[in-house]
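Right, one structure below, let's go through it.
The values are calculated or read from the model by the stated rules, or taken from the named source; none is laboratory data. The structure displayed is predicted, hence computed values, not measured ones. Note that we place each Cβ from the backbone using ideal geometry, even for glycine, and neighbour counts take in every protein chain shown.
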Amino acid sequence: MYNGLHIVDPSGHGWREIFGWVSTALSFLIPPLAPLLMLANLGLGIYDAAKTGNWGSFVGSTVGSFVGGAVFGSLGQQMAGGLAKAMGETAWGFAGGALMGAVEFGMAGFGAGFGGALGGGASLKESFKAGGLSAAVSGGIGASIQGSYMAGWQGSLHGMSYEQVATVQGNAALQAGRPQDLAGIDSAVRSRTRGALGLYLHGTNAEGAAGISITRRLKDWSWVTVPHAIDAMTGKPAIMLNPAQYRAFTGIPSYDKGEFFALIVAPSTSVHWRGLSEGAAPQAQIYGEHEVLPGSPYRNPNR
């Protein structure tokens, strides 16, 4: 009897195998779809194992696919983050997103295919072939998903989130000594999220980095401003002000605020604006605790 579950593609692998590898890869990268994809994959695997009686292969393939997908998916996300740093503004369009998605999803797909085939008893050569096939399919899907997400065409399915892209780019800008790039990053994340997310600056003191917990999270009710807010006295953005200028800008001259800076990406709903300080800085308080960008807090380099 004809059984569509066992159609074989030109590489010799059944489409059910390919679906299993790809769905495992997508499960790690798209949390909203994970339960449905995992249930579908598990159901098909149980169906095959019950029909053939080869439960050992089913267990080995399932475990190998999940382990491989998780390990290579993590590597893929790190590689996509590296691309986001290198591409700058290009990362916030379809082409840049597609490239990040192809790498991130493709790596997860390779791991799931390679691990699943090897765990199921395939030879090393066949396992590499399975990994390559799964990577190609997963990478194509990932390019479409991440490209449309970064272009702002849809905001639900993605690999790297807007927050993650803004974080790696903001950290890269600081490490390279280009704080002026933060304005463009903030504008990009606000544009893509229709104002739902933004980049914020917190100036603190040299002793103990007041306002930041030992877990590197900005404390509840901390004061922030936007890093590219312009100081009327100097004509410089807040991120380029020295400590004395920052204190005058924010209107808190009595303690050494501004000796250290910290940056965060936070939802706009957690930011409550309190108007302008005497120095004309847009002042806001953050509700809840938010993790600061890698490299924060850092000593204000402006002197």
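Is it the case, given these coordinates, that Ile141 is among the β-branched types (Val, Ile, Thr) and crowded, with 23+ Cβ neighbours inside 10 Å? Quick ask: steps written out before the conclusion?
Details: among the β-branched types (Val, Ile, Thr): yes; crowded, with 23+ Cβ neighbours inside 10 Å: no.
Answer is no for this residue.
Contact map, segment 90-113: first residue assigned by TED's automatic domain parsing to the domain that holds Ala80, second residue surrounded by 24 or more Cβ atoms within 10 Å (Cβ to Cβ) and among the acidic types (Asp, Glu), Cβ cut-off under 9 Å, separation 6 or more or different chains; pairs are Gly113/Glu17.
Listed conditions (1) under 18 Å from Ala95 (Cα atoms); (2) in the same structural domain as Leu83 (by TED's automatic domain parsing); (3) in contact with a helix residue (DSSP H, G or I) (Cβ under 7 Å, 6 or more places away or on another chain) are all met by His158, apart from (2). With respect to the conditions (1) modelled with pLDDT of 90 or more; (2) touching an Asp or Glu at 6+ places or on another chain (Cβ under 9 Å); (3) not β-branched (Val, Ile, Thr), Ala143 lacks only one, and its number is (2). The set of residues from segment 92-133 being part of a helix (DSSP H, G or I), in contact with an Asp or Glu (Cβ under 9 Å, 6 or more places away or on another chain) and surrounded by 23 or more Cβ atoms within 10 Å (Cβ to Cβ) comprises Gly113, Gly116, Ala117, Ala130, Leu133.
From Val168, Val137, grab the single residue that is in contact with a Phe, Trp or Tyr (Cβ under 9 Å, 6 or more places away or on another chain), in a helix (DSSP H, G or I) and among the hydrophobic types (A, V, I, L, M, F, W, C). Before the answer, list the steps.
Numbers: Val168 fails: in contact with a Phe, Trp or Tyr (Cβ under 9 Å, 6 or more places away or on another chain).
None of the others qualify; the one that does is Val137.
Looking across Arg178, Arg194, one residue alone is out of contact with any helix residue (DSSP H, G or I) (no Cβ under 8 Å at 6 or more places or on another chain), among the basic types (Lys, Arg) and over 21 Å from Arg303 (Cα atoms). It is Arg194.
Candidates in segment 173-219 are the residues that are more than 30 Å from Leu83 (Cβ to Cβ) and out of contact with any strand residue (DSSP E or B) (no Cβ under 9 Å at 6 or more places or on another chain); of these, the one that is surrounded by the fewest Cβ atoms within 10 Å (Cβ to Cβ) is Ile214. Of all residues in segment 275-297, those that are touching a residue at least 40 places away in the same chain (Cβ under 8 Å), outside any loop (DSSP other than H, G, I, E, B) and farther than 19 Å from Asn205 by Cα total 1.
Contact annotation: residue pairs with Cβ atoms under 8 Å, 6 or more positions apart or on different chains, pairing a residue in segment 189-201 that is within 21 Å of Arg217 (Cα to Cα) and in the same structural domain as Lys257 (by TED's automatic domain parsing) with a partner that is basic (Lys, Arg) and surrounded by fewer than 19 Cβ atoms within 10 Å (Cβ to Cβ), are Leu197/Arg190; Gly198/Arg190. Filter segment 234-251 down to the residues that are hydrophobic (A, V, I, L, M, F, W, C) and in contact (Cβ under 8 Å) with a residue 40 or more places away in the chain and list them by number. Correct list: Ala238, Ile239, Met240, Leu241.
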